[in-house]
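The values are calculated or read from the model by the stated rules, or taken from the named source; none is laboratory data. All values reported here derive from a predicted model rather than from experimental measurement. Don't worry about glycine lacking a Cβ; one is built from the backbone with ideal geometry, like all the others, and counts go over all protein chains shown. Calculation scope for accessible area: heavy atoms of the full protein, side chains included, ligands and nucleic acids excluded. Shrake-Rupley method; radii C 1.70, N 1.55, O 1.52, S 1.80 Å.
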Amino acid sequence: MNAPDLGVLGTISPEGVPQSALVGIAVTEELEIIFDTVNSSRKYRNLMVNPAASFVVGWVGEITVQYEGLASEPAGAELARYKEIYFAKWPDGPARQQWPGIAYFVVRPKWARYSDFNQTPAFIEEFTF
């Protein structure tokens, strides 16, 4: 899951409207997804009100991961640890720390489905965390 650089993040607005955004991601060994944004974005506002998040990761051929979890905005030593992982994947990430309102989120998995339709029969496996 760490191979793709991008994922489509799904959130729910305070009004209950689904919203999606393409974001750069890094994935921890525990399958947590880390991404950055700015606090003026819709995704930031949405996750502060409702931490439920979903992702679709990978779309090379017909191999994808669908992913659901809960997002949080880490702080302190926890944030430093996640930034280290994120910056290893995104070397331009440290420069974005100067952006006004930059924020980092970590999404911890609750459910995931790996699908590979490049093979016959298709391989599909679901995981709960």
**Prompt:** Taking R0 as 35 Å, what's the FRET efficiency between ALA95 and MET48 from their Cβ-Cβ distance, rounded to 0.05?
**Reply:** 0.90
**Message:** If you roll a 1.4 angstrom probe over the protein chains with everything in place, what fraction of the accessible area of the chain belongs to carbon and sulfur, to the nearest %?
**Reply:** 57 percent
**Prompt:** Using unit Cβ charges (K, R positive; D, E negative) and no other charged atoms, how large, in debye to the nearest 20, is the dipole of the chain about its Cα centre?
**Reply:** 400 debye
**Asked** Sorted by accessible area with a 1.4 angstrom probe, largest first, how do ASP92, ASP116 fall?
**Response** ASP92, ASP116
**Request:** Could you work out the local net charge near ALA103, counting Lys and Arg as +1, Asp and Glu as -1, over the other residues with Cβ closer than 10 Å to its Cβ?
**Result:** -1
**Item:** Within region 73-129: Cβ-based charge dipole about Cα centre, in debye rounded to nearest 20 (Lys, Arg +1; Asp, Glu -1)
**Value:** 140 debye
**Request:** Between LEU70 and GLN119, with labels modelled 7 Å along Cα→Cβ, what's the label distance in nm to one decimal, could you check?
**Result:** 3.4 nm
**Interatomic Cα distance distribution for region 75-125, bins of 10 angstrom, percent** = 19, 34, 20, 20, 7
**Item:** Solvent exposure, largest accessible area first (probe 1.4 Å, DNA, RNA and ligands not counted), of THR37, THR128
**Value:** THR128, THR37
**Prompt:** If you rank PHE35, PHE87 by how much accessible surface each has, with a 1.4 Å probe, what is the order from largest down?
**Reply:** PHE87, PHE35
**Asked** Which whole-number percent is the relative contact order of the chain (Cα, under 8 Å, 6+ apart)?
**Response** 26 percent
**Request:** Give me the accessible area of TRP59, 1.4 Å probe, in Å² rounded to the nearest 10.
**Result:** 120 Å²
**Asked** SER72 accessible area, nearest 10 Å², 1.4 Å probe?
**Response** 40 Å²
**Prompt:** Hey, what's the chain come to in accessible area per residue, 1.4 Å probe, Å²?
**Reply:** 55 Å²
**Message:** What do you get for GluC sites (Glu not before Pro) in region 21-129 restricted to DSSP loop and a cutoff of at most 10 other Cβ within 10 Å of the site's Cβ?
**Reply:** GLU29, GLU30
